[in-house]
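Note sheet for the following structure.
Rule-based calculations on the coordinates, nothing more; no lab input. These numbers come from a predicted model, not from an experiment. Note: ideal-geometry Cβ built from the backbone for every residue, glycine included; neighbour counts use all protein chains shown.
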Amino acid sequence: MEQLLHILPQSLLDGLTLGFVYAMVALGYTMIYGVMELINFAHSEVFMVGAFAGTEMLLFLQSRGYLGTMPAPVALIVALMAGILMSGTLGVLIERIAYRPIRYAPRLVPFISAIGVSFFLQDAVRLIEGLWKNAFYLTAPSLFTSVITITPGLRVPAKSLIVILAALIMMLALNIFVTRSKWGKAIRAVAQDKETASLMSINVNSVIALTFFVGGGMGGAAGTLFATQYSLIDPYIGFILGIKAFTAAVLGGIGSIPGAMVGGLLLGILESTGIVILGFATHGAIGIEYKDVLAFVILIIILIFKPGGILGEEVREKV
Amino acid sequence: MLLEARGVSKRFGGLMAIDKIDFTMEAGQIASIIGPNGAGKTTFFNMISGYYFADQGTITLDGKRLTGRSPEHVAGCGIARTFQNIRLFPGLMVLENVLVGMHRHLSANLAQIVLNTRGMRREEQRAYEEARELLIYTGLEGKEQELAKNLSYGDQRRLELARALAVKPKLLLLDEPTAGMNPRETEEMTTFIRRVRDERNIAILLIEHDMKVVMGISERITVLNYGVKIAEGTPKEIRSHSEVIAAYLGEETPEES
Amino acid sequence: MTKQKEHLFPASGMPASQLLAWVFIIGAGVLFYLLPNSAIAFIMFLASFLVLYKTPAAPLIKLPVAALWLCVIMPLAGLQNTYYLGVVTQAGIYVALAVGLNIVVGFAGLLDMGYVAFYASGAYIYSIFATTQAANFIHFPWAHFPISGMWFWPFLIFGMLIAALFGILLGFPVLRLRGDYLAIVTLGFGEIIRIVLNNLDKPINITNGPQGLTPIQAPALFGHILNQPLDYYFIVLVAILLIIIVARRLEVSRIGRAWAAMREDELAARSMGVPLVKMKLMAFAIGASFAGAMGVIFAAKQTFVDPSSFTFMESIGILAMIILGGMGNVAGAVVGAVSVVVLQLQILKQLSDYLGQLSAEGILNIPSQIDPAKYERMIFGLILILMCIYRSQGILPAKRRLASWWEQIRTRGTKKETEEGVDAARS
């Protein structure tokens, strides 16, 4: 028990950091689900591409010798911009190529197309990186190396704080954009009712493209932050993280932007502390290797008992 | 008493969609529910069908409780229905649509199907025959192998009826059976409904906006307004009922002629 | 079946296209028999089945040709070229899996992305007992592990039952979920099974974790040990045959109709008395049981299983097969599975060997990173996207069909007559 209390604060911090990443990725799922009623299965790869774009930008800065001379926050912002632009653009492209032609097909058709995009992108990145760097995994240069020791059991790496801070700022910005700006309102209008929105002279196609850009951009930023936090990235990092972020979106209530944020944080914390507690409770029989199982179990439980999530509404089929 | 609803209520959020309705129907009767748009007619149908659970009250068929039961159970008890916006199985053939309606009356289990037993084959052949007869009965002969989605609007309505009859119901719920039909088709449908009752002794409950159909066909009429039953009686009584007139004068008369 | 009248011997007045088809079918068979090492002959041979399927002729002619091709020409050529025999056997396992998944996805409209979990459960249930593994946790004086090869046959049934049980366990809680949510949950379930298999080497060693299980006992029949490639070819062939017959019987049965109705309009189906939960569970269980049986066969054929054979990739691969071939169509699933396996094991492999050869000879400098054989995700992805956009019904679109007696009923006389017939039959 003593030992457990020792480990818990650290795993809580890890969970929180990861939770912010989940939250940012979950935003993409939730926004796109809001306007299209589509689980954008390829969003996990949009995240992954963002991680690669951000890392490549940092590597570029490093190779030119800028990285040592410019302040770390500036380097991070440049990398984030690269991640956001790349992923946002990719999101728009995916929608244009793989979803728009089948927007009105039976709902499983675009979903299957999304799975196809996801798989295609994994290998596409692998191919491009393979041709370019002759290896398909990258190691991001570390930007923030200092570690703040609070107690011997709780060491807070500065990079975790940066992830949390950056995620907070971006989510706040997104919230302001969606609730205050004209375009944000248009997104919400389309999410409510496509037909009525189009009658109100909202260009639905542009709004959907915008949603994919904003959602994708958040995913790309999350990818970049992920790379700075965990350094090693490969084209397959999106899959599991994407499923977890989707779980977070469902946990918070799919379609709800605050829900995605709450869901992400909650899942991050539940997962990291849950597995520690389980490990103790079972004397190590269920250890860290079951971490992903825990997230899936959480997903299944929410979907069965509260499919509307914490902040979402339950929607009944119209008869 | 065939169908009996006692004090049935349903609330959607702040809206009282159905407010303590009592309703009864005899076997072999033709009855109608009328009322302005949003009066709760379809909600009431959906509650009988088991789509919504009642917040209060009970619905029974032949004394058997239906409230809280699933739609498939309700169908098994002998209630079949059609839908306001036709809901066929669009990608299935016309004959298959009817065969699905017979699901409960066929007994072949997995083993019999996998082994392709004689009994199963015989039962299926009989079902095919029966389905074909229902299609002849509803005037869809020769269209058995067409996909339901390729039928004309009128034929789709007929098919929905054939499919509902395949359930062999004691009570048939028809949600606006003449919606979107021209006067000639409406006339045919009215005749057909009466024929179904006379020949098969099936009780029929209709939701209908066309007053000519309602007054011509119904033995009893129930009027709903804002979820409340405001009148009940024979067509003659309803025609002169002051509250009904008031309810309908408040808005555009739904009658189209 | 075509609208034109079928002749038993369509020689007279046979259209040129039909003649050409027969020339192709027979030509491909003969060619592959003569040149069992030619890739073109092999692919032509496989294509000849599709041509045969599409050719309008009486089953009485088509079936013997198919049987001759599968039971004589393929084995004879396979003895010359065991690689192709292996490709065909592997393709056969995927055919069976695709037909099984097609019951869940195509017939019942339930997108199952964790199908491989059922395949894994079949494979592991046999592997654990057909290696010394079970001795780790079962200590009965009368139990000896590995069990004898005769047990392979009962284990086909156990594998089906265990997989069906898993199917029901998964199905029960998730049935009320809408299509895409169901897909994600089944995906999660598939991953859970894989992770558990990967880690169940402690506290009690049941699955031997990532090291996997080997050597797995070969099946035995009346004292003969079946461990030759040709043995597995025939086992798989019989399994496919049975699975296809079952799938086709189900398709036109009351159960198949209930599935299709549920897929088209769940609420309307329920209102016609179709019991939703029972029918969905049945689809899950039947689809799963096929995968379970194939898992047992796969384990015996490989003599080695480990969790890496049962990844999400496999589930998507099988899904890609049925989407390519045509959802809801048994023949489509077969075509899809064979095409994907041939693409992977034949075309991509040849291409990658060719590129490797060019590199080795110094003609081209191709980094090993772009070995085409490693890009199956890209292939599956492209198949899924392109099929969704351009041909979501697949190569062979599903066609509704009625049971064979419909034609008699349609042309036969009155109700009275048939009722008498039924009464007579009943008494």
- Ordered by fewest other Cβ atoms within 10 Å, a rough proxy for footprinting exposure, C:TYR53, C:TYR126 read C:TYR53, C:TYR126
- Note on the structure: Placing each pseudo-label 7 Å from Cα in the direction of the beta carbon, B:ARG65 and C:SER17 end up separated by a distance in nanometres of 6.3
- Note on the structure: region C:215-274 and region A:66-140 have their Cα centres apart by a whole-number Å value of 40
- Note on the structure: Tilt, helix B:153-166 to longest principal axis of chain B (alpha-carbon atoms), in degrees rounded to tens, equals 70
- Message: I need the calculated FRET efficiency for the pair C:HIS144 and C:LEU364, taking r as the beta carbon distance and R₀ as 56 Å, to the nearest 0.05.
- Response: 0.50
- Considering the convex hull of the alpha carbon atoms of region C:13-80, report its projected area averaged over all viewing directions, in nm², one decimal. 4.3
- Query: For region C:13-80, what relative contact order do you get, as a whole percent, if you take Cα pairs closer than 8 Å and at least 6 residues apart?
  - Reply: 38
- Task: Fewest Cβ neighbours within 10 Å first, please rank C:HIS139, C:HIS224 accordingly.
- Result: C:HIS139, C:HIS224
- For A:LYS159, counting only aspartates and glutamates whose alpha-carbon sits under 17 Å away and dropping same-chain residues fewer than eight positions off, the answer is A:ASP14
- Note on the structure: Each label sits 7 Å from Cα toward the beta-carbon; between C:THR411 and A:GLN62 the label points are separated, in nm, by 7.8
- Considering every residue in C:176-186, what mean count of other chain Cβ atoms within 10 Å of its Cβ is obtained? 6
- Query: Counting GluC sites (Glu not before Pro) as exposed when in a DSSP loop with at most 16 other beta carbons within 10 Å, what is the longest stretch of chain B free of them?
  - Reply: B:27-140
- Note on the structure: Note, A:GLY153: beta-carbon cut-off 15 Å, +1 each Lys/Arg, -1 each Asp/Glu, net -1
- Task: On a 0 to 90° scale, report how tilted helix B:183-200 is relative to the longest principal axis of chain B, with both axes built from alpha carbons and the result rounded to the nearest 10.
- Result: 70
- Can you list the chymotrypsin sites (Phe, Trp or Tyr not before Pro) in region A:40-80 that are in a DSSP coil and have 14 or fewer other beta carbons within 10 angstrom? none
- Using Cα pairs closer than 8 Å and at least 6 residues apart in sequence, work out the relative contact order for chain C, in percent. 22
- When we measure straight from the Cα of B:LYS212, which aspartates and glutamates land under 19 angstrom away, once same-chain ones fewer than 8 places off are left out? B:ASP175, B:GLU176, B:GLU185, B:GLU187, B:GLU188, B:GLU232, B:GLU237, B:GLU251, B:GLU252, B:GLU255, B:GLU256
- Taking the DSSP beta bridges in the protein assembly as shown as the whole, what percent of them are antiparallel, to the nearest 5? 65
- Message: Show me the helices of chain A, taken as full DSSP H stretches, that run 18 Å or more along their long axis by Cα and average -0.5 or above in Kyte-Doolittle hydropathy.
- Response: A:2-36, A:43-63, A:72-94, A:108-133, A:158-180, A:204-230, A:237-252, A:257-281, A:291-305
- Query: Sorting B:CYS77, C:CYS388 on the 10 Å Cβ count, fewest up front, what's the list?
  - Reply: B:CYS77, C:CYS388
- Can you give the mean number of other chain Cβ atoms that lie within 10 Å of the Cβ atoms in peptide B:40-46? 1
- Computed [θ] at 222 nm, helices only, for chain C once each DSSP H run of length n ≥ 4 contributes -39500 (n - 2.57): -21000 deg cm²/dmol
- If you take the alpha carbon radius of gyration of the protein assembly as shown and divide it by 2.2 N^0.38 Å, what ratio comes out, to two decimals? 1.05
- Out-of-range pairs (alpha-carbon distance over 30 Å; input A:LYS291/C:LYS301; A:LYS291/C:LYS374; A:LYS306/B:LYS149): A:LYS291/C:LYS301; A:LYS306/B:LYS149
